[in-house]
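S.K.: Here's a structure for you.
The values are calculated or read from the model by the stated rules, or taken from the named source; none is laboratory data. In this text the structure is predicted, and so the values were computed from the model without any measurement. Glycine gets a Cβ as well: all are built from the backbone with ideal geometry, and neighbour counts include every protein chain shown. To get the accessible areas, we keep the full protein, side chains included, count just its heavy atoms, and leave off ligands, DNA and RNA. Shrake-Rupley method; radii C 1.70, N 1.55, O 1.52, S 1.80 Å.
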Amino acid sequence: MGTEQLGQEAGDKGGPRPLKVRAFFGVPLPERHRAALADYLADCERIGPDFRWTPADNLHLTVRFLGHVELALAEGIAERVAATNPGALDLRLGNLGSFKRGRLARVVWLGLAAGERELGELATIVEAECVRAGLEGESRPFHGHLTLARARPRDGAALPSLPGPPDLEPWRASELILYQSRLGRSGSVYEPLRRLSLS
């Protein structure tokens, strides 16, 4: 696919119009962490069928969700974030947690035992460039976490007693990725659009 095809699609009258993508920035996990968490998530899925458990290939630390935006806008934000030369992050996953509405859990996640402040600083850089590009600013403070599952019912579900997560070693994150989220037959598929070096 050529650059012209990637950047635009034909409009109703045959003219080009900007291509829109569902995009977000995220920090990927090392493959060894994904493999260890794949087994853990399989166990959780058996215990908690009222939740949609994240496929191991989709595991990442979300830095900023952009929404449905023009590809050029997302790439422009990535370009300006890269120009700030953000530093690498020393991260370690921590304890299990959840976002709740009353007694019902809506999202199950792993927090960070190390690197939360540094990830927050990266999120602040990305947020500033998103607002500069014209996106609405985030109303909630940033909370670094790894999403493991979302409740199937809209209002949430009772969270069963889950096993403790595997104790995974710290790692140095040297990459921030601009992802495109595509809806496939078996759920969302995340495709890297741009890889930014964290040094």
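S.K.: I'm trying to understand the selection: among the residues of segment 77-97, which are assigned to a helix (DSSP H, G or I), out of contact with any helix residue (DSSP H, G or I) (no Cβ under 8 Å at 6 or more places or on another chain) and open to solvent by 20 Å² or more (accessible area, probe 1.4 Å)?
M.R.: Listed by number, the residues that qualify are GLU79, ALA82, ALA83.
S.K.: Looking at LEU162, LEU168, LEU135, LEU148, which one is in contact with a Cys (Cβ under 9 Å, 6 or more places away or on another chain) and assigned to a loop (DSSP other than H, G, I, E, B)?
M.R.: Checking each option against the conditions leaves just LEU162.
S.K.: For segment 158-199, what are the residues that are surrounded by 17 or more Cβ atoms within 10 Å (Cβ to Cβ) and among the charged types (D, E, K, R)?
M.R.: Hit for segment 158-199 is ARG194, nothing else.
S.K.: Next question. Please state which of the following conditions LYS100 fails to meet, knowing it meets all the rest: (1) part of a helix (DSSP H, G or I); (2) touching a residue at least 12 places away in the same chain (Cβ under 8 Å); (3) out of contact with any Asp or Glu (no Cβ under 7 Å at 6 or more places or on another chain).
M.R.: Status for LYS100: all satisfied but (1).
S.K.: Applying the selection to segment 28-61, what residues are small (Gly, Ala, Ser) and either open to solvent by 10 Å² or more (accessible area, probe 1.4 Å) or closer than 16 Å to GLU169 by Cα (or both)?
M.R.: Passing the criteria: ALA35, ALA36, ALA38, ALA42, ALA56.
S.K.: OK, next. Let me spell it out: the conditions are (1) touching a residue at least 12 places away in the same chain (Cβ under 8 Å); (2) open to solvent by 40 Å² or more (accessible area, probe 1.4 Å); (3) of a type in the set (A, V, I, L, M), and VAL107 meets all of them except one. Which number is the exception?
M.R.: So VAL107 meets the others, but not (2).
S.K.: What is the one condition in (1) outside any loop (DSSP other than H, G, I, E, B); (2) of a type outside the set (Asp, Glu); (3) modelled with pLDDT of 95 or more that ARG17 does not satisfy?
M.R.: The single condition ARG17 does not satisfy is (3).
S.K.: Scan segment 50-68 and tell me whether some residue there is under 17 Å from VAL27 (Cα atoms), outside any strand (DSSP E or B), more than 15 Å from the chain's Cα centre (by Cα) and at pLDDT 95 or above.
M.R.: No, there is no match, as no residue in segment 50-68 is under 17 Å from VAL27 (Cα atoms), outside any strand (DSSP E or B), more than 15 Å from the chain's Cα centre (by Cα) and at pLDDT 95 or above.
S.K.: A follow-up question, please. Taking GLY134 and the conditions (1) under 21 Å from PHE65 (Cβ atoms); (2) open to solvent by less than 60 Å² (accessible area, probe 1.4 Å), which numbered condition does it fall short on, given that it satisfies the others?
M.R.: (2)
S.K.: Give the residue that is modelled with the highest pLDDT, with candidates limited to residues of segment 174-199 that are of a type in the set (Gly, Ala, Ser) and more than 16 Å from VAL81 (Cα to Cα).
M.R.: Ranking the qualifying residues of segment 174-199, first place goes to SER181.
S.K.: Right, next: Go through (1) among the small types (Gly, Ala, Ser); (2) within 23 Å of GLN180 (Cβ to Cβ); (3) assigned to a strand (DSSP E or B) for ALA72 and report which single condition fails.
M.R.: Condition (3) is where ALA72 drops out.
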